[in-house]
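Okay, so here's the structure we're looking at.
The values are calculated or read from the model by the stated rules, or taken from the named source; none is laboratory data. Please read these numbers as outputs of a predicted model, since none were measured by experiment. Cβ placement follows ideal geometry from the backbone for every residue including glycine, while neighbour counts extend to all protein chains displayed.
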Amino acid sequence: MDSNCKKDNERRYLWHLSCSPRLGADVVTMVPSHRGINRGDNEPHNTRFCCSIYPTGGFVALPLREKRKYYLYRSVSKITSYRPYDVGDSSGTGERWLFDDYDFKKMLEIPSKDFRLYRDTIDTFDLDLGSCFSENIKRQRRALVAIHNLLKKEFVI
């Protein structure tokens with residue numbers, strides 16, 4: 001636990017998008033780590049697991065790679081998380097942190113051949129990943145809605 005974090009008292013399902021080859025199982029245990037390839041250089045170096053309060057939060061937080069299969073996971077149960085600090089775009093992505101292991105279940109798998117639609121949608125919003133400027137946060141929020149609408153058409157989320 002990081003003493004600088006404030007608890008989000010609302011118990012909710014949390015979401016995680018990943019193209020990690022270690023994922024793919026129907027249920028995986030997400031484990032906090034002290035490093036991550038998508039962490040900004042100025043972000044805290046604590047041991048945590050990053051997730052989002054939105055199913056689409058990962059789409060607007062990560063640099064998306066087209067030739068990979070993506071997995072969207074949701075926590076198995078509603079859980080309490082922590083609000084991040086010193087993460088500029090967390091208000092746009094809905095990022096939350098977990099400091100303990102939790103089980104997440106696979107909600108959908110997006111094959112690399114189908115991923116272009118999501119990538120193209122994100123590109124239209126010209127996001128500056130990690131930026132906390134108010135205009136970028138507004139673009140992230142609009143992108144969240146656009147991706148959510150695409151997911152609703154393709155999948156039941």
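Hand me the list of helices (runs of 4 or more DSSP H) wholly inside region 69-157 holding 2 or more residues that are charged (D, E, K, R) and out of contact with any His (no Cβ under 6 Å at 6 or more places or on another chain). Give the derivation first.
Working: elements: 90-93, 116-123, 134-154.
Of the helices (runs of 4 or more DSSP H) lying wholly inside region 69-157, those with at least 2 residues that are charged (D, E, K, R) and out of contact with any His (no Cβ under 6 Å at 6 or more places or on another chain) span 116-123, 134-154.
Looking only at region 55-76, which residues are surrounded by fewer than 21 Cβ atoms within 10 Å (Cβ to Cβ) and either in contact (Cβ under 8 Å) with a residue 60 or more places away in the chain or among the aliphatic types (A, V, I, L, M) (or both)?
62, 63, 64, 74, 75, 76
Kindly indicate the residue of region 3-34 that is charged (D, E, K, R) and more than 16 Å from the chain's Cα centre (by Cα) and also nearest to residue 78 (Cα to Cα) among those meeting that condition.
Applying the first criterion (charged (D, E, K, R)) to region 3-34 yields 6-8, 10-12, 22, 26.
Of the ones still in play, those that are also more than 16 Å from the chain's Cα centre (by Cα) are 6-8, 10-11, 22, 26.
On the way: 6: 18, 7: 14, 8: 12, 10: 9, 11: 5, 22: 24, 26: 18 Å.
Ranking the candidates gives 11 first.
What are the pairs with Cβ atoms under 6 angstrom where one residue, in region 134-150, is touching a residue at least 24 places away in the same chain (Cβ under 8 Å) and the other, located anywhere, is assigned to a helix (DSSP H, G or I) and of a type in the set (A, V, I, L, M)? Sequence gap at least six, or different chains.
Close Cβ pairs (under 6 Å, with a partner that is assigned to a helix (DSSP H, G or I) and of a type in the set (A, V, I, L, M)) amount to 140/60; 143/60; 143/122; 144/60.
Cβ-Cβ distance below 9 Å, separation of 6 or more or different chains: which pairs start in region 1-30 with a residue that is farther than 20 Å from residue 46 by Cβ and end on one that is loosely packed, with under 11 Cβ neighbours inside 10 Å and at pLDDT below 95?
28/22
Count, please, the residues in region 1-39 that happen to be at pLDDT below 95, exposed (fewer than 13 other Cβ atoms within 10 Å of the Cβ) and either aromatic (Phe, Trp, Tyr) or in contact with a Ser or Thr (Cβ under 6 Å, 6 or more places away or on another chain) (or both).
Residues that pass the stated criteria total 1.
Scan region 117-139 and tell me whether some residue there is out of contact with any strand residue (DSSP E or B) (no Cβ under 6 Å at 6 or more places or on another chain), modelled with pLDDT of 95 or more and not β-branched (Val, Ile, Thr).
Restricting attention to region 117-139, the residues satisfying the condition of being out of contact with any strand residue (DSSP E or B) (no Cβ under 6 Å at 6 or more places or on another chain) are 117-139.
Of the ones still in play, those that are also modelled with pLDDT of 95 or more are none.
Looking for residues that are out of contact with any strand residue (DSSP E or B) (no Cβ under 6 Å at 6 or more places or on another chain), modelled with pLDDT of 95 or more and not β-branched (Val, Ile, Thr), one finds none in region 117-139, hence no.
Can you find, within region 40-99, the residue that is modelled with the highest pLDDT among those that are acidic (Asp, Glu) and under 26 Å from residue 4 (Cβ atoms)?
Within region 40-99, the match that is modelled with the highest pLDDT is 95.
Given the options 153, 105, name the one that is surrounded by fewer than 17 Cβ atoms within 10 Å (Cβ to Cβ) and at pLDDT 95 or above. Step through it out loud before you land on a result.
Working: 153 fails: at pLDDT 95 or above.
Step by step, each of 153, 105 is checked, and only 105 is surrounded by fewer than 17 Cβ atoms within 10 Å (Cβ to Cβ) and at pLDDT 95 or above.
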